[in-house]
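Q: Quick one: the structure is below, questions incoming.
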Amino acid sequence: MVPPVRIAPSILSADFARLGEEVRAIDEAGCDWVHVDVMDGHFVPNLTIGPMVVKALRPHTTKPFDVHLMISPVDGFLDAFAEAGADIMTVHPEAGPHTHRSVQRIKALGKKAGVSLNPATPAKMLDYLIDDIDLVLVMSVNPGFGGQRFIDSQLRKIESVRKMIDKSGRDIALEVDGGIDFETAPRAIAAGADTLVAGTATFRGGPAAYADNIRRLRGS
Ligand code: DX5
Ligand code: ZN
């Protein structure tokens, strides 16, 4: 049996004035993980949230916090996000020279370690990380903003990463992030994704629509 696809709503598209309620609403609507986009205005051209917000949101759900770190340098913040309640922490190799060290630090903190690839970054970047990581995050938009269009060339990368993961025999999530909607979700799943991040497509229509949005993204 094919396991169901996990849905990780990106709270970047939530109402920031009511973030706690929004997290409770997506939890009740059936999300699997809560995707938290951390941006520094340096590695990516936008600024979002830090460990204090993650800590403030932690009591609002027991679902895993999937923390996507778009910050450079990242190492100095790993402990703070772990203490704040992150369950998965994902770093970008383009953001610094020591991705292997960052991955080891995340694991030493007892958290799941992810590596994210920007659209122009080849899957090959994973060759010497695949034995250590718990998640690969394929960016299907250039990171920095929600609401962008899915970049079709990333489907080939998802297929390549799927092969690498299967060959490794390890339990590694393959997550896709950016421009996921009811049309692109099935294409990402067909290419081998098992986890979909969706900001705009989850939060569109307000709380009354979240459950239906999540169900449709999952393809069920
Ligand atoms: C982009 C972020 C994404 C983004 C997804 O830098 O990593 O998580 O919020 O938003 P949508 O689903 O609207 O493309
Ligand atoms: Zn993200």
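The values are calculated or read from the model by the stated rules, or taken from the named source; none is laboratory data. Note that this is a predicted model, so its numbers are computed, not measured. Quick reminder, even Gly has a Cβ in these numbers, built from the backbone with ideal geometry, and neighbours come from all protein chains shown. Note: accessible area is taken over every heavy atom of the protein model, side chains too, but ligands, DNA and RNA are not part of it. Shrake-Rupley method; radii C 1.70, N 1.55, O 1.52, S 1.80 Å.
Q: Considering only Cα-Cα distances, which of the following residue pairs are longer than 18 Å: LYS124/LYS157; LYS63/LYS111; LYS107/LYS163; LYS55/LYS111; LYS107/LYS157; LYS55/LYS107? Don't skip to the end; give the middle numbers.
A: Values: LYS124/LYS157 10 Å; LYS63/LYS111 14 Å; LYS107/LYS163 24 Å; LYS55/LYS111 15 Å; LYS107/LYS157 25 Å; LYS55/LYS107 20 Å.
Too far apart for the 18 Å limit: LYS107/LYS163; LYS107/LYS157; LYS55/LYS107.
Q: Hey, any idea what the orientation-averaged projected area of the convex hull of the range 79-118's Cα atoms comes to, in nm²? Display every interim value, and only then the final one.
A: Numbers: hull surface 10.5 nm².
For the range 79-118, the mean projected area of the Cα convex hull comes to 2.6 nm².
Q: So what is the 222 nm mean residue ellipticity for the chain from helices alone, if each DSSP H run of at least 4 adds -39500 (n - 2.57) and you divide by all residues, rounding to the nearest 500 deg cm²/dmol? Please report the intermediate quantities before stating the final value.
A: Numbers: 8 runs with 73 residues, N = 220.
About -9500 deg cm²/dmol.
Q: If you keep only loop residues by DSSP, which trypsin sites (Lys or Arg not before Pro) in the range 139-219 have at most 16 other Cβ atoms within 10 Å of their Cβ? Let's see the in-between values first.
A: Details: sites: ARG149, ARG156, LYS157, ARG162, LYS163, LYS167, ARG170, ARG187, ARG204, ARG215, ARG216, ARG218; in loops: ARG149, ARG170, ARG204.
Counting only loop positions with at most 16 other Cβ atoms within 10 Å, the trypsin sites (Lys or Arg not before Pro) in the range 139-219 are ARG149, ARG170, ARG204.
Q: Please get the size of the charge dipole for the chain, origin at its Cα centre, with Cβ charges of +1 on Lys and Arg and -1 on Asp and Glu, quoted in debye to the nearest 20.
A: On the way: 24 positive and 28 negative charges, 58 e Å.
The calculated dipole for the chain is roughly 280 debye.
Q: May I ask you to derive the relative contact order of the chain, considering only C-alpha pairs under 8 Å and at least 6 residues apart, and to give it as an integer percent? Walk me through the numbers before you get to the answer.
A: On the way: 438 pairs, mean separation 46.6, N = 220.
Answer for the chain is 21 percent.
Q: Right, another one. Could you work out how far apart the two model spin labels at LYS107 and ALA56 are, taking each label as a point 7 Å from the Cα in the direction of the beta carbon, and quote it in nm?
A: Each label point lies 7 Å from its Cα, and together they span 3.5 nm.
Q: Mind checking the per residue accessible area of the chain for me, 1.4 Å probe, whole number of Å²?
A: Values: 9950 Å² over 220 residues.
I get 45 Å² per residue for this part.
Q: Could you work out the equivalent-ellipsoid semi-axes for the chain, taking the square root of 5 times each eigenvalue of the Cα gyration tensor, largest first, in whole Å? Could the numbers behind the result be given before it?
A: Numbers: eigenvalues 109, 91, 50 Å².
Output for the chain: semi-axes of 23, 21, 16 Å.
Q: On the accessible surface of the chain, probed at 1.4 Å, how many percent belong to carbon and sulfur atoms?
A: Working: 5390 of 9950 Å².
Whole-percent figure for carbon plus sulfur exposure: 54.
Q: What number, in percent, do you get for the relative contact order of the range 10-85 if the mean sequence gap of Cα pairs under 8 Å and at least 6 apart is divided by its residue count?
A: On the way: 97 pairs, mean separation 25.8, N = 76.
It comes to 34 percent, rounded to a whole number.
Q: Bin width 5 Å, origin at 0, all Cα-Cα pairs of the range 108-220: what percent of pairs per bin?
A: 2, 12, 23, 22, 18, 13, 7, 2, 0
Q: P(r) tail for the range 135-179, what percent of Cα pairs lie past 12 Å?
A: Numbers: 584 of 990 pairs.
The calculated P(r) of the range 135-179 puts 59 percent of pairs beyond 12 Å.
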